[in-house]
Every structure is written in C-alpha cells, then in structure tokens.
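Encoded as structure tokens, the structure appears first; notes follow it.
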Protein chains: 2
Amino acid sequence: MHVDDLPTPALIVDLDVLDANIATMARRWSGARLRPHVKAFKSTALARRLADAGHQGFCCATLREMEGMAAAGLGHDLLLANEVLDARRLGVLVERGARVTVAVDSVETIDAAADGGVREVLVDVNVGLPRCGCPPDQAGILAERARGRGLEVRGVMGYEGHLVGLEDRAAREQGVAESMASLTAAHQAVGGDVVSGGGTGTWDLNRSITELQAGSYLLMDTAYGHLGLPFGPALSLAGTVISVNQSGGYAVADVGLKSLGMDHGDPTVVEPAGAKLWFCSDEHLTFSVRDAAVRVGDRVRVHPGHVDPTVAYHERYQVVRGRQVVDTWPVDLRNW
Amino acid sequence: MHVDDLPTPALIVDLDVLDANIATMARRWSGARLRPHVKAFKSTALARRLADAGHQGFCCATLREMEGMAAAGLGHDLLLANEVLDARRLGVLVERGARVTVAVDSVETIDAAADGGVREVLVDVNVGLPRCGCPPDQAGILAERARGRGLEVRGVMGYEGHLVGLEDRAAREQGVAESMASLTAAHQAVGGDVVSGGGTGTWDLNRSITELQAGSYLLMDTAYGHLGLPFGPALSLAGTVISVNQSGGYAVADVGLKSLGMDHGDPTVVEPAGAKLWFCSDEHLTFSVRDAAVRVGDRVRVHPGHVDPTVAYHERYQVVRGRQVVDTWPVDLRNW
C-alpha cells in the first residue's frame, strides 16, 4: 500500500530512519550497554527489532509495559525504572520466568518489592531532577535495607532529566558531570555492577554509567531535534486536508491534538512545504496556505513536539520505506 | 471496592455530579433539542445514560465514534459534525440501519458523502472559528449541489468555537449573537429543519439554534470551570504518591502527562488540600508538600485542564458514588 492510501490520522514510522538511529546509537552503546526505554515507543514489535540488534535488556516506566514485554518473550532483563507500590504484578512476572528489576528509593518501595515477589532492585538516586530518587547520601542505607529484605541490589540508577533538553551543549556536559559524580558516589556506597542513567539528550556526554537508558532517539521529535543530535526524525503523522478556506488563506487537516502530545507545544507541519501551523484542535490542525495551492484531499505530514505522549494516543504504527507501507506495528503497551 | 483501592492512575467519574450535570442541561435542552457530543467522553456506556435521559441523537467527531455508537445500538440519529472524505465507512452504517448525517462544506465532501452511500447532510457554515465550514454566502449553493447529488439536506450547523471559552460573559453573548445571525442567514438559503451549533460555554447564550451540540458539560475540566457554569467537575484522576523528598519539600505521584491532555496547561491538584503542582512528566506529577505531611502510598486527586484529550488516553472510567466504585465504563470510542 502507498502511504497516501492510509486512513488518516496515521502514525508513520520511517523504517530507514529508524534503522539508522538504531545503528548510530549501537556504535557507541552496543548490546547490553544500551537499555532502550520502552516508554518512548510502547511497542513490542519495535522492541523486538532492538533485541535483534543486540539490545536484550529494556527499561520500562509502567507495570503494563513490563507485563507486555514479558508476555511477548522480551523478559530477558526488564528494569522498571520507576517506583511502584503495587509490586505484586511484578512478582507474577518473576514467577513466569522474566528477569525483573525495579527501582526503589524508600523503605516503602523496598518493602513493596520484597513483599511482591521481586528479587532484584536498583537504588534510584536523585541526581538533580525534582522527581523520584533518594538523596545520594541515603543510597547506601537503602541498599542495606534492601539486602536485609533478601533483595539482590544490582546497583544504582539516576536520571539527569533536568539536563537532557538543555540546548547549550557545554552546559549539558557540565551538568552531566556533576550529576554523575553524585551518582558515582552513591554507587560506591551501594555496590553492585550496574550504574544506569542517561537519555537521548546526553547519550554522548554521559561517560560514567555502565548502561544508557535512551528511548527518544529511535523515533525522535522536534524538541530533541533542536539539539543537533545525529538521530533523524523517524516519526510523523499523516493527515488529510478536509477543508480549505481560500479567502481566509488557511486549510484544515484531520490531525488534531488527540493524536499529538502537546506538552512540548505545537507540532511542525513538514508537508506541504511552506505551510505554517495556526493552531490545533481536538481533531483538527489549521494551517496557512498562502504560499501553496492546497486542495481538499491533499495529504499533510507533521512532526510531533514530544514523541512519548504522541505515541500513547495511537493503537498502531504504519511502517514505511519511502512511500510504501511495509508493516503495521501495534502500540500494544499503552495504558497502565 | 473503595476508590482508594483502585490501581492508579485511574480516571474517575463521580456519578452524582455527572447526573446533576445531565439534569441541569436537560432542563434547558431536553430530549432531541440536545445532541450530546460524544467526542468529549468517547464511551457508549455514558452515551447510553444520556439516551436513557431522553437524548437519542448524538454528535461525533470521528468515524470510529460513529461506528462504535452504531454498533452499540445508539444509531438512532448520529451526526458526524466533521468533514470526511472516507465516507464509505458511513455508508456501511447506513446499510446496517443507522441514521447517519454528515457535515459538508465543499463540493469534495458532498461528493464523498453521495459516493459513499450517506443519505443526509448538514451544510457546515463557518461562523468565525478558523476551521471547517463554508463561507456563509456559499451555503445555499452547496445545499443545491448536495440535493443535486440526491442527498437530503437537513439544515445547517455552525460551531462558535472561538467564543465558547471567553471568560467575559457579555463578550461571549455578543459574539454568539453575531455568529448565529450569520448561521441563521445561511439557514434561510439552505432550508431544512435543523440549525445545530453551540457548546458547553454558550449553552445558555445560544438561542437561535434548534439543537445544542455540547459534551464537555458532562465531565467538565478546569478550563470550563473558570466560566462560572452550573456544571460540576465530575472527572478526576486518582494517583498514588510513589516518592517523597522531605528536604526538597516535594512529592511525586504516578499521574503524568500521558494520562492528561496538556494543551490547556497543567492539571490542578485537589487532594491533598494545599498541594501545589510543580510540573508533570510522562508518568509523574511533582507537587509541593510544604503545607501537608505526605507519605508514600497516599492518594492524590487532580482535575484535568481539558477533558477531551484526557479521556482519549484512558481505556476505562472508574465510576464512583462518594468513595465507592460502583461501575466501570470502557472508553470504547478511542482512535480513528
């Protein structure tokens, strides 16, 4: 099928760009040194492509992602890089043969893991982002607590999420060095083999971790696109022009904010060339057509501002090479 | 089940508030005078509650909503209040016995409707919002075209979406009068029995239409909550505190921007009282805890900024009376 024959809105993955992104990342972070973050793409089909490229361990953000990955036979080494109290759902996966590690940053989450039947944990260390993670000086105490509860402490994780989007590369690099110094200190107190951290925005700046957690690099978005990274935009939305207002100088396509994560702002219209976005509504995108003749039925293509919440709105990817649809991948790891 | 025993994040509907909203609206717009907009809630279970309250006709924004409503036996009088070229999917519903009307605003959409097997249309008139709808002075010409293609023209529709959110009630009222004057003029040229328009924000200001298209009033959100309307917040998200940083003065709950439409901005934390939102991440909400003792495992409750794209992220509603979960309604009209 030709991409222009797809019903719209359609979530499109350019397979050549995706494969190039996978290869670029794998040259620096090969095999188990990369722990791709499933939250960015929520698809076991895409995860399997990464496993085939040598990355057998994965990161998840939700219990549903963990369950779906395990059910798909991708449970070789799953990390829930997030705190959870309902850890019994993870214990079930362990019983079924998956290797499950969960982040812990408190007595409560350690107890939940132990009580739920999880066997392995990472101590999640706050390295500057005001979110989860214990203060670095408490990491050793929590590791002791975890071992006291019979848990294997594999090491530490720390996510420098306050830095990954900094446009100034030098500032990003300096921040990462400081954050990772604090993670390294915590690691010395905790022990274990794993120091897990990083993301797409710090993929070549974070040098003290043993494994990189990155997901956005695969599909990319316009927010990361501003950083000059060597990863191309593999994700776009295809829409159809459903209305043209010649006197008003605008047209309307059927790509709306219910198909786009909007927290990073508006998407960018890349087709037709020269189109300028006016605004998004629930199911519509209004854009200027002053510089181009646009007709009802024409196709449009937009790049999302933020990959993760965009993907979470869709039930499938349409996978293309050039303009041909070559596969369909379910977005099968949605919801919680 | 008690609401605090639900896995989180959970999308909660307060049934008493919902029923009060249904009753308040029905006092002014009873029976077929209200055409509830399915896009705001995407659930046939909630639609059936409206049908039981006397509203048998519905508005949809997507083909999937139309198909789902028809399949659920709610196809008594379905309006796709949106332009579509792939109208064959609607023709299938007509063949299966549903009454289907579609908005048209161009020769192309009229031809698509006729070719697809749709029998009834409304001429969609632009009344000021830069989105779909023909210029008012072309409505009569399009109606002729539609009749020439064998279509029954039921009348006109026009959505004053540029006005529904205006905080100044007098300005809203004045704008509605102007928009509806233009819709009335178009109606005179088009003919038919139906003048469809309006929304939650103009529910008591729009006096020239024969039927009101409103959906947000049912569940509400903080954007509409600022307008002083007599509809209460029936929708909230329940989360769990998964991390507390005492020295930082903040806590983290498992309600993130993948469970919240963010185009109208951040949600509002309503429980614990006094909590102040710092920011949302994909799966997290960081909030201040300076004025309250918050512990890991505590529950939080937030009100979304925008109901429609919030609901579209979820697979089910948990329906509560007080603190008891009394039902679960699938959000079964998602996707396209």
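Just so it is clear, none of the values below were taken in a lab; they were calculated from the coordinates. Computed from a predicted structure; not experimentally measured. Quick reminder, even Gly has a Cβ in these numbers, built from the backbone with ideal geometry, and neighbours come from all protein chains shown.
List of remarks:
- The magnitude of the dipole of chain A, with charges of +1 and -1 set on the Cβ of Lys/Arg and Asp/Glu and taken from the Cα centre, is near 480 debye.
- For chain A, averaging the sequence separation of C-alpha pairs within contact (under 8 Å, six or more residues apart) and dividing by the residue count gives a relative contact order of 21 percent.
- Using θ = phi - 60° in the Karplus curve 6.51 cos²θ - 1.76 cosθ + 1.60, the 3J(HN,Hα) couplings for the stretch A:33-39 round to 6, 9, 10, x, 8, 5, 4 Hz; x is entered for Gly and Pro.
- Peptides ranked, highest mean first, by Cβ atoms within 10 Å: ranges B:157-167, B:33-43: B:33-43, B:157-167
- FRET efficiency for B:Gln188 and B:His76, using Cβ-Cβ distance with R0 set to 25 Å, rounded to 0.05: 0.35
- Across the stretch A:30-213, the relative contact order, built from alpha-carbon pairs under 8 Å that are at least six residues apart, equals 17 percent.
- q = 0.13, 0.25, 0.32 Å⁻¹, the stretch B:200-250: log10 I(q)/I(0) [Debye, one scatterer per Cα]: -0.50, -0.95, -1.24
- Residue of chain B whose Cβ sits closest to the axis mapping B onto A, with distance in whole Å: B:Met262, 3
- q = 0.13, 0.15 Å⁻¹: log10 I(q)/I(0) that the Debye formula gives for the stretch B:16-219, counting C-alpha atoms only: -0.65, -0.87
- Hz values of 3J(HN,Hα) by residue in the stretch A:201-217 - Karplus curve (6.51, -1.76, 1.60), Gly and Pro given as x: x, 10, 4, 10, 10, 8, 10, 10, 8, 8, 8, 9, 9, 9, x, 4, 4
- Interchain or long-range residues, amide H under 5 Å from B:Asp77's placed H: B:Phe58, B:Arg99
- Projecting the Cα atoms of A:Pro136, A:Leu163, A:Ala32 onto the charge dipole of chain A (Cβ charges, centred on the Cα centre) puts A:Ala32 farthest toward the positive pole.
- Couplings 3J(HN,Hα) for the stretch A:88-99, derived from phi with the Karplus relation 6.51 cos²θ - 1.76 cosθ + 1.60 (θ = phi - 60°), are 4, 5, 6, x, 4, 5, 4, 4, 8, x, 7, 8 Hz, where x marks Gly and Pro.
- Averaged over the residues of A:279-287, the number of partner chain Cβ atoms lying within 10 Å of the residue Cβ comes to 5.
- Between amide H atoms placed 1.01 Å from N, distances below 5 Å from A:Gly256 occur with A:His284, all of them 5 or more places distant or on a separate chain.
- Convex hull (Cα only) mean projected area of the protein assembly as shown, reported in nm² to one decimal: 28.0
- Solution diffusion estimate, µm²/s, Stokes-Einstein, the stretch A:1-120, Kirkwood Rh from C-alpha pairs, 4 °C, viscosity 1.567 mPa s: 84
- Share of Cα-Cα pairs in the stretch A:252-336 lying beyond 15 Å, as whole percent: 62
- Interchain or long-range residues, amide H under 5 Å from A:Val331's placed H: A:Arg316, A:Tyr317
- Fraction of beta bridges assigned by DSSP in the stretch A:30-213 that are antiparallel (%, nearest 5): 0
- Charge context of B:Val255, other residues only, Cβ under 10 angstrom, K/R +1, D/E -1: 0
- If R0 is taken as 45 Å, the Cβ-Cβ distance between B:Arg295 and A:Asp52 corresponds to a FRET efficiency of 0.55.
- Taking Cβ atoms as reference points and 9 Å as the exclusive limit, the residues near B:Arg99 contribute a net charge of -1, counting Lys and Arg as +1 and Asp and Glu as -1.
- Neighbouring Cβ atoms from other chains, within 10 Å of the Cβ of residues in A:234-241, number 1 on average.
- Using C-alpha pairs under 8 Å with a sequence gap of at least 6, the mean separation divided by the residue count of the stretch B:183-336 gives a relative contact order of 20 percent.
- Taking every DSSP helix (H) stretch of at least 4 residues in chain B, weighting each as -39,500 (n - 2.57) and dividing the sum by the residue count yields a mean residue ellipticity at 222 nm of -8000 deg cm²/dmol.
- Between the stretch A:189-267 and the stretch B:90-111, the Cα center-to-center distance that results, in Å: 37
- Neighbouring Cβ atoms from other chains, within 10 Å of the Cβ of residues in B:305-314, number 4 on average.
- Net charge contributed by nearby residues that have their C-beta within less than 12 Å of A:Asp4 (K/R +1, D/E -1): 0
- Highest average first, the peptides B:213-224, A:5-16, B:141-152 ordered by how many other beta carbon atoms sit within 10 Å of their residues are B:213-224, A:5-16, B:141-152.
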